[in-house]
Amino acid sequence: MFDYADRRRRLAQRLEAEDVDVLFLAPSADLEYLTGVERQIPNFGEASYANGWVTGAFLRPGADPIFVFPRMFAAFDLREEPEGELVVVNETDDGFATFERIARGLGSKGRIAVGDRVWAETTLNLGRILGFERLRTGTTLVNELRRVKSTEELEAMGRAIRTVEQTMAAVAPLVVPGVTMAQLAEAVEHELRAAGSRTPSFTTHIFTGLGSGELDSGTETAHEPLPVGTSVMFDFGGVVDGYCSDFGRTIYCGDPPDDYRETYGIMLAAQEAGRAAAAAGTPASAVNAACRAPIENAGLGQYFRHRMGHGIGLDIHERPFISPEDETQLEPGMTFTDEPSIILPGRFSLRIEDIVVCEEGGGRILNDYPAALVANG
């Protein structure tokens, strides 16, 4: 489905341009992007194996990857053998000696880049073997390749988007008086699976606000019944073929008051302003400012408490960020979220979130789900 060899050829060009001999990556979005080695679904607590610290791959210009996996990973987590050399480290093997033999056998005399998701133990051992002064961070090198999505990647993201839209359509009617945030979160994750998502792309979050006394699927209020006259915000995502979606809508339980309807319109205007500003060559910070402008002009700026959005793809949050500090100029094919919110303590809260792809004349929303105000009353 994806041309991993071509991705590695482009990586080789980046490594040579940066005078980097070797890149070591642990299981991560970066490694999956370059080799197809699928990441595990995250656990709350860390799953570990004997010699687990060796897990990863060495990538070099002009050579196939060398994968080093503990036996348990190779036996139970490796879906198919990747292209390149595979070294399996058994529980009773001398993991350090095996790792040292491979690292020294690379013949590298220059800089060694290390991914951000590599264990500290692995990095320390690389430094002991090859010299700490030769190490540098490597994730930025791969991020620059991953930022612009290919047609195949956009199609995969589209499939992930379909899972959340199917889920929202199934769950929306459940927002009625007496339902709990825990019940809604459980329904979301059930429907995501039914729609074809491998796993939620992040912790499903269903909530009425962020202050004390608000209902939230992640707090002790998760099992309290929803009262009429309350807005419920949804924030969840799915995963298909390794690519993430991130989605949000708000449903009002009851008959919305006029000020809610007015504020909802302001939120929609903010999302549209952000989308329209997301043209190729525009700094990410300027797109964020464009999204914020309608909310700030309405005197509600203090209630939009976060950035417009973030890059998205194999990771749920990727650079660039659509936020005040990021001056990255957008390029066609970059994908990111457009997610304004307005949270008014003691009154109501609302948010919306779609995924946008940058094009020459502005952003294009990849979602099809309606953005219009919804009230179950």
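What follows draws every value from the coordinates through simple rules; no lab data is involved. Just so it is clear, the structure is predicted and the values come from calculations on it, not from any experiment. Note that each Cβ is placed from the backbone with ideal geometry, even for glycine, and that neighbours are counted across all protein chains shown.
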Task: log₁₀ of I(q)/I(0) at q = 0.17, 0.25 Å⁻¹ - region 1-63, Debye sum with one point per alpha carbon - done: -0.66, -1.09
Task: Mean residue ellipticity (222 nm) of the chain, computed from DSSP H runs ≥ 4 via -39,500 (n - 2.57), nearest 500 - done: -10500 deg cm²/dmol
Task: In Å, descending, principal axis extents of the Cα set of region 51-148 - done: 35, 33, 25
TODO: Please report F321, F44, F132, F24 as a ranked list, fewest other C-beta atoms within 10 angstrom at the top and most at the bottom.
DONE: F44, F132, F321, F24
Open item on the list: Could you give me D for the chain, from Stokes-Einstein at 10 °C and 1.306 mPa s, where the hydrodynamic radius is the Kirkwood radius over C-alpha pairs? Units µm² s⁻¹, please.
Closed with: 71 µm²/s
Task: Two-decimal Rg to Rh for region 1-105 - Kirkwood Rh, Cα set - done: 0.97
Task: Only Lys, Arg (+1) and Asp, Glu (-1) charged, at Cβ; region 151-376 dipole about Cα centre in debye - done: 300 debye
Task: Span from the region 69-129 Cα centroid across to the region 178-201 one, whole angstrom - done: 37 Å
TODO: Throw me the Rg/Rh for region 231-336, computed over C-alpha atoms with Kirkwood Rh, two decimals.
DONE: 1.00
- [ ] Starting from the exponent 0.38 and prefactor 2.2 Å, build the expected Rg for region 79-195 from its residue count and divide its actual Cα Rg by it.
- [x] 1.70
TODO: Express in whole angstrom the spacing between the alpha-carbon centres of region 202-220 and region 239-316.
DONE: 19 Å
Open item on the list: I need L106, L31 ordered by Cβ neighbour count within 10 Å, fewest first.
Closed with: L106, L31
Open item on the list: Compute the orientation-averaged projected area for region 92-156 from the convex hull of its Cα atoms and round it to one decimal in nm².
Closed with: 6.4 nm²
Task: Dipole of the chain [Lys/Arg +1, Asp/Glu -1 at C-beta], most positive-end residue of L135, P82, I251 - done: L135
Open item on the list: Along each principal axis of its Cα atoms, how long is region 151-376 end to end? Whole angstroms, biggest number first, please.
Closed with: 48, 42, 27
